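One structure is given below, encoded as structure tokens.
Please treat every number below as a calculation from the coordinates, not as lab data. Please read these numbers as outputs of a predicted model, since none were measured by experiment. Positions of Cβ are generated from backbone atoms using ideal geometry, with glycine treated the same way; all protein chains shown enter the neighbour counts.
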Amino acid sequence: MIKAIRIHETGGPDVMKLEEIELPAPGKGEVRIRHKAIGVNFIDTYHRTGLYPLPLPVGLGLEAAGIVEEVGDGVTNLKEGDRVAYGAGPLGAYAEAINAPASRIAKVPGGVTDEQAASLMLKGMTVRYLFKETYPLKKGDTVLFHAAAGGVGLIACQWAKDMGVTLIGTAGSDEKCALAKSHGAAHVINYSKEDVAARVKEITGGKGAPVVYDGVGKDTFEISLDCLSRRGLLATFGNASGPVTGVNLGILTQKGSVYVTRPSMMDYLVTDEELAATTADVFDAVARGAIKIDVNQRYALKDAVQAHKDLEGRKTTGASVLLP
């Protein structure tokens, strides 16, 4: 038996319950991972609330790091004792252990701690697909990234600087703006005090940004459109403030024949080869020192409710982890 967080209904953080469940032996092609640290991400709250529907009851969490404890038949790429991490599922990372397909697991290189690995996979892979596939950035580009002091945002600030990209970051306080700036944001905008669109136009000489990366959603949708250059792209990849609904497509013409995409990381990691290439790129960025991970909040597994309350209440910076 292992302890795991599960939900039997959707709703607020309090629907999460710590339960004892039975974990069978790993099946063919699977390994059992004993978790050392578990990543907490906004997508977990979307699963919990039912915004992204799942069959109930169900576990939560897509990202964790730990030790291979048992190897199933047919597994040749991993062995007992290997340090590993994953960031694209399987669902149910909020647990002491999990069985996972060996082909979807990455070995953690030396010099990367369990907490860093558990905070790096999903967030790092998110930045990677946004920057290198959704809108492939090139040196000299200027981009806008909302929530720049969050877990994804701080990685984006660092990776943009490493690529020679000028990143304009938004955050809701002077302290968070300073944090984003210290991690590589070329410019920061405190959206609680400043007109974001006006500042972006000022920074870009009136042109606007060719791409805006927006993980906030409803509250920033029109602001993001106003920050785009003519025929620019809005990549709205999250719903921290709620989903964008009821959009009249005519607004895209009014804003300068702009484009909007709603990407999901899972569509960029369909094959094992895509996943392997992505994780290798992320770990390479860490190994080169281009990305450093700030784990700023730690919670016991049993305190997952508080972790979600803090995340949704915008009380966190950098990464948050659960410790089983």
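Could you grab the relative contact order for the chain? Cα pairs under 8 Å, six or more apart, rounded to a whole percent. Numbers along the way, then the final one.
Values: 736 pairs, mean separation 56.3, N = 324.
Once divided by the residue count of the chain, the mean separation gives 17 percent.
With a cap of 12 neighbouring Cβ atoms within 10 Å, and only residues DSSP puts in a loop, list the trypsin sites (Lys or Arg not before Pro) found in the range 23-87. For trypsin sites (Lys or Arg not before Pro) across the range 23-87 that sit outside H, G, I, E and B with at most 12 neighbouring Cβ atoms in 10 Å, the list reads Lys28, Lys79.
Quick note on the chain: its Rg to Rh ratio, both from C-alpha atoms and Rh being the Kirkwood radius, is 0.98. Comparing the range 20-174 with the 2.2 N^0.38 Å rule of thumb, its C-alpha radius of gyration ratio is 1.16 (two decimals).
On the principal axes of its alpha-carbon atoms, the range 112-177 has extents of 34, 30, 17 Å, going from largest to smallest. Name the most mobile residue of Glu63, Glu30, Glu19, meaning the one with the largest mean-square fluctuation, in a Gaussian network model of the chain with Cα contacts below 10 Å. Of Glu63, Glu30, Glu19, the Gaussian network model singles out Glu19 as fluctuating most. Considering only alpha-carbon pairs that sit under 8 angstrom and 6 or more positions apart, the relative contact order computed for the range 153-224 is 24 percent. Comparing Met125, Met16, Met266 in a Gaussian network model of the chain (Cα springs below 10 Å), the most mobile by mean-square fluctuation is Met266.
Net length available on complete extension from Lys218 to Leu249 is 9.6 nm, with 0.36 nm assigned per residue and the Cα-Cα distance removed. Comparing Gly289, Gly59, Gly217 in a Gaussian network model of the chain (Cα springs below 10 Å), the most mobile by mean-square fluctuation is Gly289.
Dividing the convex hull volume of the alpha carbon atoms of the range 178-292 by its residue count gives 137 Å³ per residue.
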